[in-house]
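Structure first, then comments.
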Amino acid sequence: MNDHVSDPLLALSPWRSPEVTSWRRLPMNAVDRRAGAHSLDGDWRFRLLPAPDAPVGGDWSSAAVPGVWTMQNVQGTVDLPRYLNIRMPFPEFPPLSPDANPTGVYEREVDVPADWAGRRIVLQVGAAESVLLVHVDGRPVGLSKDSRLAAEFDVSDVLSPGRPSVVRLTVVKWSDASHIEDQDHWWHGGITRSVLLYATDPLYLADVDVRASAEGELRVDCRVRDAGGALPAGWYVTGELDAPDGPDGPGGLTLAQDAEFDLANAEDDRVSAFLGEARLHARVPEVRTWTAETPELYGLTVRLHRADGSVADASRHRVGFRDVTIVGRDLLVNGERIFVRGVNRHDFHPLTGRTVSVEDMRADLVLLKRFGFNAIRTAHYPNDPALYDLADEIGFYVVDEADIESHDHAHEIADDPRYLNAFVDRVSRMVLRDKNHPSVIVWSLGNESDYGANHDAAAGWVRRHDPTRPLQYEGAAKRGWADPHVASDIACPMYAPLEDCVAHALSGLQTKPLIQCEYSHAMGNSNGTLADHWAAIEATPGLQGGFIWEFWDHGILQSVNDGRPVGRGGAGLYDNGVTAPGYRWAYGGDFGETDHDGAFIADGVVLPDRTVKPVMYEHRELAAPLRLRGFRHEGLVLSNHQHFRGLEWLAGEWELSLAHGGTLTAAADLPDLRPGETAVVPLPFELPADGGEAWLTLRVTTAEDLPWAPRGTPVCAPQVRLRAAEPAGAPAVSGRVETDAEGLLVHPLLTSSPTLSLWRAPTDNDELGGMALRWRTWGLDSLVRKLVSVRQEGDGVTVLSEYAATAGVVRHRQVFTPVEGGVRVDEQAELPEEFDDVARVGTVFETVAGLDLLEWFGQGPWESYPDRSGGAPVGHHRVPVDELFTPYLRPQESGGRHGVRRFTLSAPDATGLAVTLDEPRQISVTRYRAEDLTAASHHDELVPRAGCVVHLDAAHRGLGTASCGPDTFPSYLVAPGVHRWSWTLRVL
């Protein structure tokens, strides 16, 4: 290691040589060698060097493999996680990397099993970030780049049974490859996936290519090699297909060798002693096709035989019969136009960084399936191989994305011939690895890397090797959504305004499916207008969906005491999005780095511990397989909105919510509906004459145990209103109202009187979209109230106030009228024209301590806002006050409930207060003032107040997604002018 010149792995400084993508690395293939392999996972000796050519001397520590050293606190490392979205973490231009270059050296002894004598031995390193150098007993074995795909090396000549050897894996963190791995994620360093040692016979299957069509045609192409060089005479390949019921179920069959293929190879002189090729085929009668809704898998065993019939090698695969085509402007699966309800997903865990267990990946997909997602884009690199097995099994459409993103230097690299090999290498290796997965329906050439000749070269390789799938690339689509000459079969824009998408679909110029690769950015309290998007998508031919950005909030569990990642030992230190005292979720800038992109890393639909954000309920309802529409005279209209299956896997229960009469339930018999069919069913209840406003909900659950959900798991809850609310009469005047010298209401249950509120703790969208800056400039965060007059009028009191801001004055009127048990408050606020877009207009007050339970009639039970309320059905709800607040990583506006008609705040003895609103309004009840949330950067800085902070909003601004993407729609903005609202406060 110290002799830089004599070691061929170091002599060329491969970390600064983009033309060098590998040395002695074996070709990628789709033969799964995990079964029977010898795992080298566990603790390895470890040294962290300041540079790749630095001496290795000194004391060794220990590091876990797989794992990243940036999360393990090994050797007291100062190399900690770092987050940047676009900019590179070092100033050098491509292809250079910095001289100060953390380099991890991993070592361990390896004992080769005795029964591997005479066999071909292969070392597989699942992934290493970013350059991997391999030595055995000091001898160079090979090198590899591409941090997200496995590297395999033939170590037969350096490892021998009965002789222990030392395997050294050197991982160089920064390299020329880092410039094309500039993804929106934490920067780490280490070996992130498992390390395996496996053995094969010298005669082995080099690759297996499975193509299975929806018509039942199965073709299996096998490539055969021999470690000795020349293939032995007489070898042959056989195959057996099991039915979806398993090897013992009915319907299995033997594949036949394709004689025409053999003859054509011979006639074309493609037969050689070096590479063997064989093709098997079969026609499967009454085939069960694979889709994300019906993930039917057949077991396939391919065997390589010697001339005497003995088995030299075998490979096991799971086969899904399906077709993916583009016809006109529609993406079709098995001939059906599908909706893509997708999410972008990174390999991530808050304790281990990029290293994710199979159990964690299954938990990711199970959660997504339960909330209506059917597609994943592997942003922005091939994910762990196990994810694709799970997607095949559970049922997800996958856009498989190559490990290419050159965001900071996109234009320069796209046409740089020095990076040509890297682009083709990364795309082709992804395809070779994942081509047999039915879940993979689209190949992606990468992300945010401009568009150039390097992309076209990679696209050409894919189209030649795998014509069965379309490919996409947002950088190419950016040149024109209908341009037929770019390397993208799909128009896959990023955060395109909805009106532009609809206009394109209606223009008559559309030639490709329009499926956004990213839309609805989930940073903090976000995802406004998601329902509006899906209403347009479902109503507009040519629009087929998209992928929300993204699945995870990438918060890393951090010790507040020493500022370091907690690492693998942190399990149990967080629950329901909240960390234990002394810990917090870290984001950019929390590890001492001065150049970072802050909380932009926290933009997922789940919190770092996989606790769902409220948007997940919104999405679940928008993706509902069963829809309920307004009732006709003869009954209710039910429709099956699936693409491929009926309703037999679903069960239902009717729920009738009466504003003044509680809740009634009844079993629901779901009709037999094929995909796309509609039926009318009778009303399950006779509507009571009284009870006020009435809503009917169909609570749909799984009817049986499924791989992703036990029986009874909620699927959706479509709802219709059966009766509107009747106008409330004016309450009888009773008693008197007390105000203080400033005209503020005096009430025994209030510690802070009702005043005007125009400010909310800015969401991430408010901050990054520029709205919060505008509101601060106007002075809305520091309104100064001035009493104008207090006037007694009969039994009531009228108070006129002015709230002075930097950019204008808001006139506010409150009329307090005593009613039985409380007070009615009629309010009016007049906003000047300058305030053309404020956060809210409403009332804020604070209560005494001890009122810890909120019960309400309105939308719920989870958080909802004007432009994100479709997943919150109207009904009777009750939630403890401390559970109303969503702990977004950066404190911000949270805990709102939309469409609330009335609510109570009560103590354990049922005492408290009740509020009735004049019409459905936005409310929030939390332990924090808006200024508390605004001032805090993390939740460990927040100190909850003893009482409740209550907001009643006449109007509340939508959330939008302006941190990255379009803002909310104009219909969800709060306009200037006169706003009126009223509410009644009573003592319970």
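The values are calculated or read from the model by the stated rules, or taken from the named source; none is laboratory data. Since we're looking at a predicted model, the values are computed, not measured. Virtual Cβ from ideal backbone geometry, glycine too; neighbours counted across all protein chains shown.
Counting only residues that are part of a strand (DSSP E or B) and farther than 17 Å from R429 by Cβ, region 135-153 holds 5 of them. Beta carbons closer than 7 Å, at least 6 apart along the sequence or on distinct chains, pair a first residue in region 558-572 that is outside the structural domain of Q75 (by TED's automatic domain parsing) with a second that is buried (at least 20 other Cβ atoms within 10 Å of the Cβ) and aromatic (F, W, Y) for G563/F591. Here the strands (runs of 3 or more DSSP E) wholly within region 888-968 that include at least 3 residues being touching a residue at least 60 places away in the same chain (Cβ under 8 Å) and either closer than 19 Å to R868 by Cα or of a type in the set (A, V, I, L, M, F, W, C) (or both) are 912-926, 949-956.
Of the residues examined, D176 is one that is outside the structural domain of A414 (by TED's automatic domain parsing) and crowded, with 24+ Cβ neighbours inside 10 Å.
Here N73 does not qualify as in contact with a helix residue (DSSP H, G or I) (Cβ under 7 Å, 6 or more places away or on another chain) and closer than 28 Å to D201 by Cα.
Residue under question is L40, and the condition is that it be modelled with pLDDT under 90, surrounded by 15 or more Cβ atoms within 10 Å (Cβ to Cβ) and under 16 Å from V134 (Cβ atoms); does it hold? The answer is no for L40. Please verify whether E109 is among the charged types (D, E, K, R) and either assigned by TED's automatic domain parsing to the domain that holds H407 or in a loop (DSSP other than H, G, I, E, B) (or both), treating the condition exactly as stated. Answer is no for this residue. Going through region 540-555 one residue at a time, which ones are at negative phi, over 9 Å from the mean Cα position of the chain (by Cα) and either in a loop (DSSP other than H, G, I, E, B) or not assigned by TED's automatic domain parsing to the domain that holds C501 (or both)? T540, P541, H554, G555, listed by residue number.
Here is a yes/no grid of residues against (1) closer than 24 Å to P866 by Cβ; (2) outside the structural domain of A535 (by TED's automatic domain parsing); (3) in a loop (DSSP other than H, G, I, E, B); (4) not hydroxyl-bearing (S, T, Y):
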residue: F600; (1), (2), (3), (4): no, yes, no, yes
residue: G604; (1), (2), (3), (4): yes, yes, yes, yes
residue: R610; (1), (2), (3), (4): no, yes, yes, yes
residue: M616; (1), (2), (3), (4): yes, yes, no, yes
residue: R620; (1), (2), (3), (4): yes, yes, no, yes
residue: V637; (1), (2), (3), (4): no, yes, no, yes
residue: G646; (1), (2), (3), (4): no, yes, yes, yes
residue: A651; (1), (2), (3), (4): no, yes, no, yes
residue: L656; (1), (2), (3), (4): no, yes, no, yes
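Select from region 706-733 the residues that are part of a loop (DSSP other than H, G, I, E, B), within 27 Å of L696 (Cβ to Cβ) and not hydroxyl-bearing (S, T, Y) and list them in ascending order. P710, R711, G712, A717, P718, A724, A725, E726, P727, A728, G729, listed by residue number. Taken together, V797, V788, V809, V815 contain a single residue that is assigned to a strand (DSSP E or B) and under 15 Å from W981 (Cβ atoms), which is V815.
Looking only at residues of region 536-571 that are modelled with pLDDT of 95 or more and among the acidic types (D, E), we find that the one that is farthest from R337 (Cα to Cα) is D553.
Tally time: how many residues in region 395-413 are in contact with a strand residue (DSSP E or B) (Cβ under 7 Å, 6 or more places away or on another chain) and either charged (D, E, K, R) or more than 15 Å from D456 (Cα to Cα) (or both)?
Step one: of region 395-413, the residues in contact with a strand residue (DSSP E or B) (Cβ under 7 Å, 6 or more places away or on another chain) are 395-403, 405.
Going one step further and asking which of them are either charged (D, E, K, R) or more than 15 Å from D456 (Cα to Cα) (or both), we end up with 395-401, 403, 405.
The total comes to 9.
Inclusion of D532 among residues that are among the acidic types (D, E), in contact (Cβ under 8 Å) with a residue 24 or more places away in the chain, within 24 Å of N765 (Cβ to Cβ) and part of a loop (DSSP other than H, G, I, E, B) is not warranted. Please work out if G577 is surrounded by 22 or more Cβ atoms within 10 Å (Cβ to Cβ) and in contact with a Lys or Arg (Cβ under 8 Å, 6 or more places away or on another chain). Spelling it out, it is not the case that G577 is surrounded by 22 or more Cβ atoms within 10 Å (Cβ to Cβ) and in contact with a Lys or Arg (Cβ under 8 Å, 6 or more places away or on another chain). The residue of region 475-525 that is surrounded by the fewest Cβ atoms within 10 Å (Cβ to Cβ), among those that are under 19 Å from G452 (Cβ atoms), of a type in the set (A, V, I, L, M) and touching a Cys at 6+ places or on another chain (Cβ under 7 Å), is M494.
Against the condition charged (D, E, K, R), surrounded by fewer than 23 Cβ atoms within 10 Å (Cβ to Cβ) and on the phi < 0 side of the Ramachandran plot, how does R776 come out, does it pass? Criteria met by R776.
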